[in-house]
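The structure appears below as structure tokens.
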Amino acid sequence: MPGLEQRPARMQMGTPNPQELLRSDHSCLEALFGELLEDFADGHQGEIRSTWTEFERRLLAHFENEELFILPLFERVNPEEAAAVRAEHAWIRQLLSELGVGVDLHLVRLELARDFIGFLRAHAKREEVLMYSWAALTLDATARAAVAQGLHPSAPNQGEASPPAAGTDRPRFGEPPVARAGF
Ligand SMILES: [Fe+2]
Ligand SMILES: [Fe+2]
């Protein structure tokens, strides 16, 4: 899977920028999902399963990182937005689980996968506008290092996508739990 090991966000010595790192991770997830859509279009079940497994692992690691190192701090200053991000994580995890079952059963349709990436893009946009901007200005060196280490565990421990198209098409997953502001 080309590009997965790329780390376009650069960690400056001692001060990794969490906004840059997390946005870069969004881009990597977006690229990975693009591969998945191609696999769906080709109908190669082996490739779909392999790419899906990698995508799922990385997405869950991304969420876990945000929930461990950013949200506990962010919710002190903006509890409403933090709760919305957590609710979207719960919603996306549920969709991920449902889609995973579909992948196992070879039942995921391309349009369903496109709906899912639409939710992810909206979630990513929301985080980048508020939470990541706050994190870039606020997180101390320890928290920044924790985010970097969480995203790239093998790294030395030193211390846009468009929103889904609006339209009359209703998502086939039902509605997300909170209004979409913008993964
Ligand atoms: Fe998130
Ligand atoms: Fe994120």
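The residue pairs whose first member lies in region 106-121 and is outside any helix (DSSP H, G or I), whose second member is crowded, with 17+ Cβ neighbours inside 10 Å, and whose beta carbons are closer than 7 Å, counting only pairs six or more residues apart or on different chains, are 108/40; 108/99.
Can you tell me which residue within region 101-138, out of those that are within 16 Å of ligand 1 (Cβ to nearest atom) and β-branched (Val, Ile, Thr), is farthest from residue 62 (Cα to Cα)? Only one residue tops the list, namely 129.
The requirement of being of a type outside the set (Lys, Arg) and more than 16 Å from ligand 2 (Cβ to nearest atom) is fulfilled nowhere in region 55-75; no residue meets it. Please work out if residue 99 is surrounded by fewer than 16 Cβ atoms within 10 Å (Cβ to Cβ) and away from ligand 2 (no atom under 14 Å from the Cβ). Spelling it out, it is not the case that residue 99 is surrounded by fewer than 16 Cβ atoms within 10 Å (Cβ to Cβ) and away from ligand 2 (no atom under 14 Å from the Cβ). Among residues of region 32-49 that are over 16 Å from residue 109 (Cβ atoms), none has a Cβ under 6 angstrom from a residue that is small (Gly, Ala, Ser) at a sequence gap of 6+ or on a separate chain.
On the given criteria, is residue 92 modelled with pLDDT of 85 or more, more than 21 Å from residue 41 (Cβ to Cβ), of a type in the set (A, V, I, L, M) and within 16 Å of ligand 1 (Cβ to nearest atom)? Taking the combined requirement at face value, the residue satisfies it.
Of the residues that sit in region 107-122 and are of a type in the set (A, V, I, L, M) and farther than 15 Å from residue 31 by Cβ, which one is surrounded by the most Cβ atoms within 10 Å (Cβ to Cβ)? Within region 107-122, the match that is surrounded by the most Cβ atoms within 10 Å (Cβ to Cβ) is 122.
Quick grid of which residues meet (1) modelled with pLDDT of 95 or more; (2) touching a Cys at 6+ places or on another chain (Cβ under 6 Å); (3) crowded, with 16+ Cβ neighbours inside 10 Å:
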site	(1), (2), (3)
14	no, no, no
20	no, no, yes
46	no, no, no
60	yes, no, no
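Tallying residues that are outside any helix (DSSP H, G or I) and more than 16 Å from ligand 2 (Cβ to nearest atom) within region 122-148 yields 1.
The values are calculated or read from the model by the stated rules, or taken from the named source; none is laboratory data. The structure presented is a predicted model; accordingly, all values stated were derived computationally and were not measured. When we count neighbours, we look across all protein chains shown, and the Cβ atoms used for this are built from the backbone with ideal geometry, even at glycine.
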